[in-house]
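Heads up: the structure comes next, in structure tokens.
We did not get these values from a lab; they are worked out from the coordinates using the rules stated. Note that the coordinates shown come from a computational prediction; the quantities given were computed from them, not determined experimentally. Virtual Cβ from ideal backbone geometry, glycine too; neighbours counted across all protein chains shown.
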Amino acid sequence: MRLKRTLLSTCVAGAVLGSGTVALWAQSTQPSAGNAAPKTTEQVYKNIQILKGVLADQLIPAMQFITASLGVQCDFCHLENAFEKDDKETKQTARKMMRMMFAINKDNFDGHREVTCYACHRGAHKPVITPIISEDGGQFVAEEKMPREGPDTASLPTADQILGTYLQSVGGTAAAARISTRIQKGTLTVGSEHFPVEVLAQAPAKRVTTVRFPGGDSVTGINGEEGWLTTPGHAADDMSPSERDAARMDAELFFPASLTLIFKELRVERPSRIDDREVYVLAGTRENVPPVELFFDQQSGLLVRVLRFEETPLGRNPTEIDYADYREEGGVKTPFRWTVSRPNGRFTIQIDRMQQNVPIGEDKFAKPAPVAQSDSQRGPG
């Protein structure tokens, strides 16, 4: 029960800005990076055998990809508080599977990553070798929504027109630009459990989300360049570069006027549907990161979904954010509910109270001071 509760609180808190179910692992084992040169996995963690040479901050996202691909949690392969030990057979099997995956891609696809853990497992710890007859016609796969060549888009609105409609729908470019801060309070729901939540945001890219669990507060924060996560009983842990990038983008998307500044290029992909709504899909590209898909309701013009991916050594971790319950506050429409979904679960934040353009002290966006740590290596295998 203790492990289940720990994983639940960590999953919720980390998922607010992208850290996922194994954030506790990172916090309990990874030394603070500080200003030192980037280290590899074997320099930071004990008993690394497969992912040697990979930057240390990529190990946790890689483990997240495995948990999502197999539909399991950390304790499927690891002992709690002893991640480096090899006591579980499943851990040995996981190493064999990673070797096999790398060999398949090297020998058959010129080293390009065409086969991943998910290619076979599809959310089950044991791959299914016999085709399944599904009543609903099959499961939806997030990777199938990634930007690709689609139908002729000549008859569709341009990206500028779709963005212009969006800004007009939320209240106009000038009104959106006047919003500089937001303080939101409400409830975070995961499964049947509910927790108080507070979101502090300041344009263009500062955002701190505090979830109040019975055992203490969990906080995820980004203040432009620095990103961190704390869970009850643990000191602040630095986000990896990919997590910081995702958190910064989510914070920027919180303010509609910032949207056109986030992406190097926005192009119209295709029309699509979300439930019974017709939507336009824009693909946003940035340097050295996977494209992001933005879904705009054709009728209301509002942004209703964002789909982004985090690159890892093993594959891409998808995150889908659905925005709903838009309400007008201060002349600008804002989503009062958003749902964050990943292969291993989802949660919803429902806002009850909101203030805009209220001064927020800079200390609220300051990363917590580091706690002295031992130089000894500790960590997962």
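Once you have the Cα-Cα distance between Gln73 and Ala154, take 0.36 nm times their residue separation minus that, and quote the gain in nm to one decimal.
24.6 nm
Report, please, the projected area of the stretch 257-332 averaged over directions, based on the convex hull of its C-alpha atoms, in nm².
Computed as one quarter of the Cα hull surface, the answer is 6.2 nm².
I want to check a number: in the stretch 149-365, how many lysine pairs have alpha carbons closer than 23 Å, given a sequence separation of 8 or more or different chains?
The result is 6.
Can you tell me the order of 262-268, 334-340 when each peptide is scored by its average per-residue count of other Cβ atoms within 10 angstrom, highest first?
Sorting 262-268, 334-340 by mean packing, highest first, produces 334-340, 262-268.
Highest first, please rank the peptides 169-176, 56-63 by the mean number of other Cβ atoms sitting within 10 Å of their residues.
56-63, 169-176
Excluding Met354 itself, what net charge comes from residues whose Cβ is under 13 Å from its Cβ, given Lys and Arg +1 and Asp and Glu -1?
In short, +1.
With an 8 Å Cα cut-off and a minimum separation of 6 or more residues, compute the relative contact order for the stretch 149-365 in percent.
Over the stretch 149-365, the number comes to 21 percent.
Mind putting a number on the dipole of the stretch 149-365 about its Cα centre? Charges go on the C-beta only, +1 for Lys and Arg and -1 for Asp and Glu, and I need it in Debye to the nearest 20.
420
Alpha carbon centre of the stretch 180-199 versus the stretch 305-342: separation in Å?
For the stretch 180-199 versus the stretch 305-342, the Cα centre distance is 14 Å.
Can you list the lysines whose alpha carbon is less than 17 Å from that of Lys91, not counting same-chain residues fewer than 8 positions off?
Output for Lys91: Lys46, Lys52, Lys126.
State the Kirkwood hydrodynamic radius of the stretch 149-365 in Å, one decimal place, computed from all pairs of distinct Cα atoms.
This gives a value of 18.1 Å.
Please give the peptides 242-255, 295-308 ranked by average Cβ packing (other Cβ atoms within 10 Å per residue), highest first, as a rough proxy for protection.
242-255, 295-308
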